1. Consider segment 134-147. How many of its residues are open to solvent by 40 Å² or more (accessible area, probe 1.4 Å) and under 16 Å from S117 (Cβ atoms)?
2. In segment 85-110, how many residues are over 20 Å from L185 (Cβ atoms), open to solvent by 60 Å² or more (accessible area, probe 1.4 Å) and of a type in the set (A, V, I, L, M)?
3. Considering segment 30-46 alone, what residues qualify as being in contact with a Phe, Trp or Tyr (Cβ under 8 Å, 6 or more places away or on another chain) and open to solvent by 50 Å² or more (accessible area, probe 1.4 Å)?
4. Those residues that are closer than 16 Å to F25 by Cβ and outside any helix (DSSP H, G or I), I need them from segment 69-83; list them, please.
5. What number of residues within segment 111-129 satisfy the criterion of being among the small types (G, A, S) and open to solvent by 60 Å² or more (accessible area, probe 1.4 Å)?
6. Under 7 Å between Cβ atoms, at least 6 apart or on separate chains: pull out the pairs that start in segment 57-81 with a residue that is within 13 Å of T18 (Cα to Cα) and end on any residue that is basic (K, R) and at pLDDT 95 or above.
7. Wholly within segment 155-214, which helices (runs of 4 or more DSSP H) include no fewer than the required count, namely at least 2 residues that are open to solvent by 70 Å² or more (accessible area, probe 1.4 Å) and either modelled with pLDDT of 95 or more or closer than 16 Å to H118 by Cα (or both)?
8. What is the number of the single condition among (1) within 19 Å of I174 (Cβ to Cβ); (2) in a loop (DSSP other than H, G, I, E, B) that I132 does not meet?
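The values are calculated or read from the model by the stated rules, or taken from the named source; none is laboratory data. Small disclaimer: the values here were computed from a predicted structure and weren't measured. Ideal geometry is used to build each Cβ from the backbone, glycine not excepted, and the neighbour counts take in all protein chains shown. Note: accessible area is taken over every heavy atom of the protein model, side chains too, but ligands, DNA and RNA are not part of it. Shrake-Rupley method; radii C 1.70, N 1.55, O 1.52, S 1.80 Å.
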Amino acid sequence: MFTGIIEEIGVVKNLKKTSDGMTLFIDGKKVTSDITLGASIAISGVCTTVISYKDGIFSVDIMEESLDRSNLKFLSVGDSVNLERALSVSGRLDGHIVSGHVDGMGKIEKVEKRGFSHEITISLSSDLLRYIVEKGSIAIDGTSLTVVDVSDEDFKVDVIPHSGENTTLLKKSIGSYVNIEVDILAKYVEKIFSRSKEDKKSNITLEFLRNNGF
């Protein structure tokens, strides 16, 4: 479990692609300060498991499912990535609940300066946009942000100077793909309501009530 508060920007030192995934080697001095084998680290929003580490560089295996849904498949040696360690029990939830299970990718359509912040417009498929609401939470490349506007085709977020300096978001060019994780609470609510409607349709009828003395 993560919060979407990026701890440092890491650098891809090496990568090895296989027929069923990829192994990444990331330079991240801060996140490796207390690292252990099997620890969880979010790489640009994708939850990964540490399989080795040495001298500030750690490696993880990325399975095919994660590559299909995320922009990690586009990485090259020297690229920058957002890094966050898993939330500790005693830690503060400064962002929002982020699982590290990326739902899909959005595309940066526009970046505009708005006062001291930058407004980023990101296009997204309709099946994910339905979970996004104005003033709701969203994780973009693992960064917890607040939605300022949403339409049928895209949504907007504002990136303050601190977030711009300490994440990769403002280093992305127009047309770049970013990892999107929608608020998990929205998906749970949808599931509960859809199940409730199905139960009402399938289990209780007028005939059932008459047969049972109602």
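1. Going through segment 134-147 one residue at a time, the tally reaches 2.
2. 1
3. L37 - this is the single residue of segment 30-46 that is in contact with a Phe, Trp or Tyr (Cβ under 8 Å, 6 or more places away or on another chain) and open to solvent by 50 Å² or more (accessible area, probe 1.4 Å).
4. The answer is L75, S76, V77, G78, D79, S80, V81, L83.
5. The qualifying residues number 2.
6. Going by the 7 Å Cβ cut-off, the qualifying pairs are L67/K73.
7. Because the criterion is at least 2 residues that are open to solvent by 70 Å² or more (accessible area, probe 1.4 Å) and either modelled with pLDDT of 95 or more or closer than 16 Å to H118 by Cα (or both), the helices (runs of 4 or more DSSP H) in segment 155-214 that meet it are 161-166.
8. Among (1) within 19 Å of I174 (Cβ to Cβ); (2) in a loop (DSSP other than H, G, I, E, B), the lone unmet condition for I132 is (1).
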